[in-house]
1. What residues qualify as long-range amide H neighbours of I55, i.e. H under 5 Å apart, gap of 5 or more or another chain, H built at 1.01 Å from N?
2. Given 4 °C and 1.567 mPa s, compute D for the chain with the Stokes-Einstein relation, Rh being the Kirkwood radius over Cα pairs; round to the nearest whole µm²/s.
3. What does the charge count around R211 come to, taking other residues whose C-beta lies under 13 Å from its C-beta (Lys +1, Arg +1, Asp -1, Glu -1)?
4. Lys and Arg at +1, Asp and Glu at -1: add these up for the other residues within a Cβ distance under 12 Å of Q146 and post the number.
5. Taking 8 Å as the Cα distance limit and 6 or more residues as the minimum spacing, I'd like the relative contact order of region 18-114 as a percentage.
6. Going by alpha carbons, how many degrees (0 to 90, nearest 10) lie between the helix axis of 172-183 and the longest principal axis of the chain?
7. Note the angle between two axes, namely the Cα long axis of helix 92-101 and the longest principal axis of the Cα atoms of the chain, as a number of degrees from 0 to 90, rounded to the nearest 10.
8. Measure off 7 Å from each Cα along the Cα-to-Cβ vector at D189 and D28, then give the distance between these two points in nanometres to one decimal.
Amino acid sequence: MTYRLHNRLGSGGFVIQATLAAAGIAFDYDPISSRPNESLGSRLQGLNEWGQVPILELADGTRITEVAAILAHLAFAEPAFRSGPTLWVDAMPMYLRWSVFLSVNVYEGVLRNSYTHRYYSRIQNDGLPDDADIGIESAIRRAATQRVHQAFECIEKETSQYNFLLSDRLSPCDVFLAMLYAWHNQRPDLPKCTWITTQVATHPSIREIWRQNFHDRLDFKWHEL
Ligand SMILES: N[C@@H](CCC(=O)N[C@@H](CS)C(=O)NCC(=O)O)C(=O)O
């Protein structure tokens, strides 16, 4: 087996699981058990000091973390990952731009909603006075949700000439966007992001993987549309 994907069901490794499967690339799946929004435990710590999934392990034992880095590696290393029959990386510069944009501006914003206490604790440690603590968790969540929404709006505007992010064909970036958009706390009211998410969740090569990961975790059943 060339690749081993360490992930927790319903987590960011969905993107890697779905894109490897869509590209027809064999991999071994190591399920890490824990609940969403909870720490992933000592076994994971041994694999990734930062304590997060996904982790893609290569044949030589190298372990790559960070969804954007894994997507970049696979696009460079695997022709089937970038040139069909399901996934197409039609423009490498834009592929790098949008996968990193999704990581740093959207995924990070989603984490502020899921793990708000991390950002809050840091503020407390910085010595803000007590009265600044009132309502700060909900303020962080609201600001993060707004910022994530703006990031999706930016993507819609900047890619308006195409159906998908890079072209009129599905790319791994679209799979990444779909997961993050489905996680977004707001009503799915951005037309392009909604359309891409529906295409990804109902894609014949992806629908079952979406169901396994998100059926029990997301109220909105994108894969049943
Ligand atoms: N920047 C990372 C974020 C990965 C991430 O936040 N993964 C979550 C699951 S969706 C996680 O492992 N959370 C556990 C934790 O942070 O303790 C990436 O792009 O891969």
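We did not get these values from a lab; they are worked out from the coordinates using the rules stated. All of these numbers come straight from a predicted model, not from anything done at the bench. Positions of Cβ are backbone-derived with ideal geometry, glycine not excepted, and every protein chain shown enters the neighbour counts.
1. The answer is H6.
2. Numbers: Rh = 18.2 Å.
Rounded to a whole number, D works out at 71 µm²/s.
3. Values: positive: R207, R217, K221; negative: E208, D216, E224.
Charge balance near R211 sits at 0.
4. Details: positive: R112, R141, R142, R147; negative: E153.
Residues close to Q146 contribute a combined charge of +3.
5. Values: 70 pairs, mean separation 21.7, N = 97.
Relative contact order comes out at 22 percent.
6. Long axis of 172-183 versus the principal axis of the chain: about 40 degrees.
7. Roughly 30 degrees between the two axes.
8. Output for this residue pair reads 4.8 nm.
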